[in-house]
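The values are calculated or read from the model by the stated rules, or taken from the named source; none is laboratory data. Model, not experiment: these values are computed from the prediction. Using ideal geometry, Cβ is built from the backbone for each residue, glycine included, and neighbour counts are taken over all protein chains shown. Each accessible area value is taken on the protein alone, full model and side chains, heavy atoms only, with ligands, DNA and RNA left out. Shrake-Rupley method; radii C 1.70, N 1.55, O 1.52, S 1.80 Å.
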Amino acid sequence: MNKNFKKALPRAVGATLVAGLATFGLAENPISSYHYLADPSAASDGDTFYILTDTDDMCVSTDPFQYNIIGLYAFSSKDMVNWTDHGLIFQSKREFGTYPGNTWASGIAVRNGRPFIVYPDGASGVGMITAPSIDGPYTDPIREAYNVNYIAANWGGSVIGGCDDIDHCFDPGIFFDDDGSGYVIFGGGSASSQKRPIGNNFDLIKFSESNGKVTVDKNSLKRISAEKSFEAPYIHKHGDWYYISFNNSSQEIGYGMSKNPAGPYTYKGIAIGAVWQINDCETHSCDGGNNHQGFADFKGKTYAVYHDRRLVRAKEHPASLGVADPEPGNHRSVSIDEITYAADGTINKLTFTKEGPKQVGKFDPYNTYKALTSSKQRNVRSRTDWTKGQPVKHVLTPLATKESWIRVTGVDFGNGAENLRIKAANVGDGNKIEIRKGSVSGTLAGSCELAKTSGWQAYTDNDCAMTGLTGVVDQLFMIFKGTKDSTMGILEWEFQGTKREPEPQTPFGGKATPIPGKLEMENFDEPGYGAGNDSYYENDEEDHGETEYRKGTGVDIYKKATGYIVGYNQKGEWLEYTVNVAKDGDYTMYAAVASANETSGFQLSVDGKALTDTIMVPKAASGEENYDDYNKVKRNISLTAGSHIIRFTVTGDWMDIDYINFLEGKDAPDTEPIPGKEEDPSLAIGSVKFDVASAAEYNVFDLQGHLKGSVSLTGKNAVQALNAAGFAKGVYMLKQVSGSKKMLVNSAK
């Protein structure tokens with residue numbers, strides 16, 4: 001990473017939105033037309049080719065010395081033409097809280113399906129992360145193996161090895177040899193350095209790995225000389241030769257060769273020329289500036305990844321990526337081309353192409369793909385959703401009022417696809433996706449009307465009939481249409497040989513809950529398949545309850561003395577239950593709830609119609625964070641006989657709920673009262689919907705009708721409110737300030 005070409009990126013938290021417009025032709029380079037990307041590295045596990053990049057997105061600085069990169073993107077391909085964008089798989093300080101800082105020019109290797117990524121912490125040291133898959137979640141195997149004090153004492157504060165007088169302790173590369181040995185190489189220097197000048201500014205350290213556990217051999221730290229080297233060291237192997245490549249001070253990628261990964265390396269020349277030598281930029285020139293490289297073998301060929309300024313120099317610049325015609329050094333794009341070797345193993349200098357590599361193998365449409373799997377795109381954005389401890393989700397958000405599409409190349413449909421399943425969230429009206437062959441205006445194979453969902457995180461399956469998709473389709477287009485931009489979020493898609501019919505949700509355990517009877521909240525329905533057949537909605541997929549019960553749903557189920565409860569409830573989440581009501585009539589509902597929040601609440605509906613008003617949950621009287629202090633809330637309701645679906649919807653954050661008991665008759669006595677709890681008469685009113693803030697305010701009168709003051713019942717029952725306000729023990733009449741409710745309360749009980 002050349003310190004003379006630095007740029008700024010605002011830090012993103014939770015969900016990261018990256019916007020861009022594809023603007024030029026159907027060339028395959030660069031691989032993404034909706035990201036600015038930089039500093040790529042490459043890896044292959046034989047089945048899949050991976051590219052790891054920095055992000056130059058949203059950088060509006062014109063100062064090439066202002067430079068913050070805190071995010072890593074990943075791409076993968078099985079055919080070198082269609083690329084899956086996995087999104088922002090790692091952000092600095094988000095996963096670990098305190099480190100790393102700038103992750104300039106990180107490196108990737110893949111072993112047994114597990115990615116290993118080495119990152120720089122700015123220019124002050126090198127660390128490592130790993131995950132079960134490229135999507136994460138990532139952990140730090142070095143800090144798991146060695147405590148921070150040991151690292152500081154033995155490695156000078158650096159995470160892997162020590163910086164060993166390197167001028168710039170950054171730009172790490174990672175390499176696994178055929179015997180499983182791992183190596184990390186890092187460093188960079190300048191001609192003015194008195195300690196480690198150009199040509200002698202890299203270090204190599206060895207490590208071993210087993211099932212994601214890493215052991216570093218700190219005694220193996222070795223200085224590596226590479227003639228004319230400046231920064232960006234990288235090691236790859238082809239045949240019997242090991243190659244060290246690097247960016248030189250002329251911003252070309254030079255290389256050397258050795259029969260040993262630790263060298264010595266013999267300088268051989270230039271593998272990749274300077275980016276200004278690219279002759280296909282559409283405006284101005286491709287500009288100067290640094291380069292960065294990665295090499296990996298895949299299916300009998302070797303591919304080189306590099307960055308350029310093609311995207312920023314497009315004729316119609318994608319202004320939503322930043323500013324129109326921004327400083328090009330800060331707005332790079334990533335491309336890939338094949339390299340070849342001479343008979344003696346030397347590298348034939350790379351030829352830059354717009355077309356990129358040739359496709360190796362046809363694309364199989366019958367797998368499930370992340371939505372941004374494509375060979376080219378136009379007028380699309382993407383959003384990465386992150387939940388701690390979970391793989392990231394990368395969401396395609398089209399600019400549907402424009403010509404918006406993704407293209408997939410060389411698709412082998414075989415005997416034919418009859419269905420396309422698209423999992424999407426849709427918060428707009430009239431959003432649809434057309435599938436066309438050959439071009440944006442080519443033969444229509446089918447059209448998908450997206451079902452409306454309750455929010456950005458509420459994904460549902462959409463099934464769409466397809467015709468005419470047989471054999472190999474050279475170019476397949478998914479075209480996004482709507483009346484408003486960025487109102488659909490597409491998560492994944494797959495083609496199917498036959499259409500899967502919608503399947504309704506089913507009762508948990510196969511039997512509807514009888515009413516009269518008790519709903520155990522953890523036993524919500526099993527979800528079905530297709531739009532409208534979900535049985536729950538969670539704001540995130542992380543199971544905060546950390547139990548195995550209903551594992552995979554993300555519903556936050558906790559184990560307590562009374563059994564399982566549903567907790568960590570947030571506004572907008574819901575659960576559904578199939579019930580069988582014995583007969584028409586009045587029923588009394590009691591819910592066992594706990595909260596440490598004054599605004600917690602919920603509502604019940606039946607078959608889509610409101611069954612109750614908003615029911616406020618009393619705040620625990622025994623402590624701010626006491627979720628073991630349960631209360632009962634009560635409502636009178638009316639139900640009709642037969643099978644119904646009852647939905648429990650959270651209207652206010654942070655409450656726990658154990659069960660809801662339905663008893664026959666109006667104002668039926670609670671059959672399972674909580675010892676020591678007194679019923680709040682205000683919670684027994686079941687048919688009036690009211691404004692929470694104003695409806696909780698009551699004037700207090702003595703029995704002679706004299707006004708004595710007022711109290712708020714928000715989060716309290718009437719007795720608690722009177723006592724908390726300092727009223728003497730006795731009997732009072734409470735009248736609602738904004739409403740017609742009134743109650744007689746004995747605060748001495």
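The residues on offer are LEU444, LEU450, LEU399, LEU420, and the sole one that is among the aliphatic types (A, V, I, L, M) and surrounded by fewer than 17 Cβ atoms within 10 Å (Cβ to Cβ) is LEU444. Of GLY254, GLY263, GLY269, GLY239, all but one fail to be in contact with a strand residue (DSSP E or B) (Cβ under 6 Å, 6 or more places away or on another chain) and surrounded by fewer than 21 Cβ atoms within 10 Å (Cβ to Cβ); the exception is GLY263. Every test in (1) basic (Lys, Arg); (2) open to solvent by less than 80 Å² (accessible area, probe 1.4 Å); (3) at pLDDT below 65 is passed by LYS689 save one, and that test is (2).
Would you confirm whether or not the range 171-182 contains a residue that is assigned to a strand (DSSP E or B), over 24 Å from GLY254 (Cβ atoms) and among the small types (Gly, Ala, Ser)? Yes, that holds for at least one residue. Per this entry, ALA458 is counted among residues that are buried (at least 16 other Cβ atoms within 10 Å of the Cβ) and in a loop (DSSP other than H, G, I, E, B).
If only residues of the range 369-393 that are modelled with pLDDT under 95 and among the β-branched types (Val, Ile, Thr) are counted, the one that is nearest to ASN29 (Cα to Cα) is VAL380.
Yes/no per residue for (1) farther than 25 Å from GLY601 by Cβ; (2) open to solvent by 40 Å² or more (accessible area, probe 1.4 Å); (3) modelled with pLDDT of 70 or more:
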site	(1), (2), (3)
ALA693	no, yes, no
HIS706	yes, yes, no
TYR732	yes, no, yes
VAL745	no, no, yes
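Residue-level analysis places PRO391 among those that are surrounded by fewer than 20 Cβ atoms within 10 Å (Cβ to Cβ), touching a residue at least 24 places away in the same chain (Cβ under 8 Å) and not hydroxyl-bearing (Ser, Thr, Tyr).
A quick yes/no check of all residues on (1) open to solvent by less than 30 Å² (accessible area, probe 1.4 Å); (2) modelled with pLDDT of 95 or more:
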position	(1), (2)
THR498	no, no
PRO504	no, no
ASP525	yes, yes
SER535	yes, no
GLU546	no, no
GLY552	no, no
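Assess whether LYS195 counts as being over 35 Å from the mean Cα position of the chain (by Cα), open to solvent by 60 Å² or more (accessible area, probe 1.4 Å) and in contact (Cβ under 8 Å) with a residue 24 or more places away in the chain. Yes.
The criterion of at least 3 residues that are open to solvent by 40 Å² or more (accessible area, probe 1.4 Å) is met, among strands (runs of 3 or more DSSP E) falling completely within the range 563-663, by 642-652.
For the range 106-114, the condition holds for no residue, the condition being that it is at pLDDT below 90 and open to solvent by less than 10 Å² (accessible area, probe 1.4 Å). PHE186 fulfils the conditions (1) crowded, with 24+ Cβ neighbours inside 10 Å; (2) modelled with pLDDT under 85 except for a single criterion, (2).
Determine if the range 581-589 includes at least one residue that is touching a residue at least 40 places away in the same chain (Cβ under 8 Å), more than 21 Å from ILE615 (Cα to Cα) and in contact with a strand residue (DSSP E or B) (Cβ under 6 Å, 6 or more places away or on another chain). Yes: one or more hits. Can you tell me which of (1) over 20 Å from PHE75 (Cα atoms); (2) in contact (Cβ under 8 Å) with a residue 12 or more places away in the chain; (3) outside any loop (DSSP other than H, G, I, E, B) is the one TRP405 doesn't meet? Condition (1) is where TRP405 drops out.
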